Amino acid sequence: MQTAACWPASMDALSVSTDTSPFPPVRQTLWPMLLLFLAANFYSIDKAIVGVLAEPIKADLGIDDIRMGLLMGLAYSLLSGVCGLWLGSLVDRHVRKRVLGGAIIVWSLSTALGGLAPNFATFFVLRALVGLGEAAIAPAAMSLIADMFPPERRGRALSAYLIGATIGTSLSSVVPGAILAANLHIALPGYGLVIPWRSAFLLCGAIGPLVGLAFLTIREPARRGIGASQTCEAEVPAQVGEKLSYLWRHRTLVAPLFGGFCLYYVAFVGVTSWTAPLLMRTYGLTLPQIANLLGLGMLIAGISGYVLGGLAADSRAKARKSGRIGLMVVLPILALPAAFSGLAPGLGFAIAALATISLTTPMLNVAMNATVQEIVPNDMRGFSYAFLSVVAALPAGAGGPFAIAFVSENVLGGPSRIAASFVCVVLPCLMLAAACFALAARAFRTAPADGELARVIAASQK
């Protein structure tokens, strides 16, 4: 491992704290948390809007369900997965507010330009750029929150940030629905008249760059969990090989933990991507007819999930032998009704069934994020979230939407069988996710009390 007189040049602008220094005062965290809240809001809108507008996009671009599934999944996940580890290391080594600001600008402009895409290939490339930009937000946000809040308040801080994502997911239904209901056309010089689904992309991507620029005004919090001896005449932060080696040493915990997260998200991303087409095809409704009820159901379930998740993450549950992972075993089981949502006797019952996975996913996110913060050293947090995205979110993001489209088109006989496809894909994924989390809980519970993992967990509590 390299040694140096002090931090490498790439970290000159970073502030470093010893474990005994105080956390920032609450008033100093309000502005960064507001911006993180808004960033989560916008990335959820820009991510989910493709699935919400799937039917008009398909009609305009002349594509089938399988190619639509690629736009929802693989396009978004491609660059995110390829560049994810690099972005995570970037977060660990550079000023996080700059990484976040640049990422928000990239994904917002790519969303807006998606509204002008003339064909499938161009739209695919722009969705890949959206995924690339949004791949930076989770590692940077989680790293910032861990350095702004003590362990007993991190769960609630994570919930406050992630509630922004829930509101964004709800608005991704309501805003396009309102635009289509109003039949809004935008006239652009040199382009002409923009039809309503394209107008939705333009408007949803327009505000994000302002939030990205605003991140440059926050005060970068000092990085915690890095001792003073590391800041001068000591070893530089762990390199990629050393980080992978750490995860490999704890593979009995990391593999089922990340694997369960991947399987759960195959189900979740598949459900959320195809929710609007499912309801429109099954119940013969238009997007404006379902947008408000769907948005309200997702909003109530999502916010409830993050509030409950934050309270659970900060409660005595984390002190149990299986930590927060014990809660994660139960959550996929509670989400099972979503698999049968297309078989419900009416729209209200279908949305109620879909709301179960909208309730459990925020709770799972809070528990997972808090667990990762706990089981890896500080200078691995950004990398670990990015690694999680590569090995879990990438297969889920690409596989979930595609799997539902493939099963309905090529196995069950056509797009009208989407309700049965939900059962075939979502049900086994959730059951297997619960089994993986059970294995991870056992590994966490049986870890040696004097081992490396126990020392890292103890350091994260300071």
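Details
- Neighbour-count ranking [beta-carbon atoms within 10 angstrom, fewest first] of Ile49, Ile186: Ile186, Ile49
- Each of the peptides 166-178, 264-276 was scored by the mean count of other Cβ atoms within 10 Å over its residues; in descending order, highest first, they stand as 264-276, 166-178.
- Sorted by Cβ neighbour density within 10 Å, fewest at the top, the residues Thr371, Thr122: Thr122, Thr371
- Once backbone amide H atoms are built at 1.01 Å from N, Val194 has Ile186, Ala187, Leu188 as its partners under 5 Å, excluding neighbours fewer than 5 places away on the same chain.
- With Cα atoms, 0 to 90° folded angle of helix 287-313 axis to the chain main axis: 20 degrees
- Multiplying each eigenvalue of the alpha-carbon gyration tensor of the range 279-432 by 5 and taking the square root yields semi-axes of 31, 19, 14 Å, largest first, rounded to whole angstroms.
- Phi-based couplings in Hz for the range 360-372 (Karplus 6.51, -1.76, 1.60; Gly and Pro marked x): 6, 5, x, 5, 5, 4, 4, 5, 5, 4, 5, 5, 5
- Taking the C-alpha atoms only, the angle from helix 96-114 to the longest principal axis of the chain is near 10 degrees.
- For the chain, the longest principal axis of the C-alpha atoms and the axis of helix 240-249 are separated by about 90°.
- Taking amide H positions as modeled 1.01 Å from N, with prolines and chain starts lacking one, the residues under 5 Å from Arg223 and 5 or more places away or on another chain are Ser15, Val16, Ser17.
- Entry note, the chain: the mean residue ellipticity at 222 nm calculated from DSSP H runs of n ≥ 4, each adding -39500 (n - 2.57), is -23500 deg cm²/dmol after division by the residues and rounding to the nearest 500.
- The chain: projected area of the alpha-carbon convex hull, averaged over directions, in nm²: 20.9 nm²
- Two-decimal Rg to Rh for the range 72-206 - Kirkwood Rh, Cα set: 1.04
- Using θ = phi - 60° in the Karplus curve 6.51 cos²θ - 1.76 cosθ + 1.60, the 3J(HN,Hα) couplings for the range 152-159 round to 6, 10, 5, x, 5, 5, 4, 5 Hz; x is entered for Gly and Pro.
- The packing ranking of peptides 354-363, 245-254, 188-197, highest mean first, is 354-363, 245-254, 188-197, where packing means the average number of other beta carbon atoms within 10 angstrom of each residue.
Throughout, read-outs are computed from the coordinates displayed, never taken from laboratory work. The model shown is predicted, which means the values in this text are computed figures rather than measured ones. Cβ: placed from backbone, ideal geometry, glycine included. Neighbour counts: every protein chain shown.
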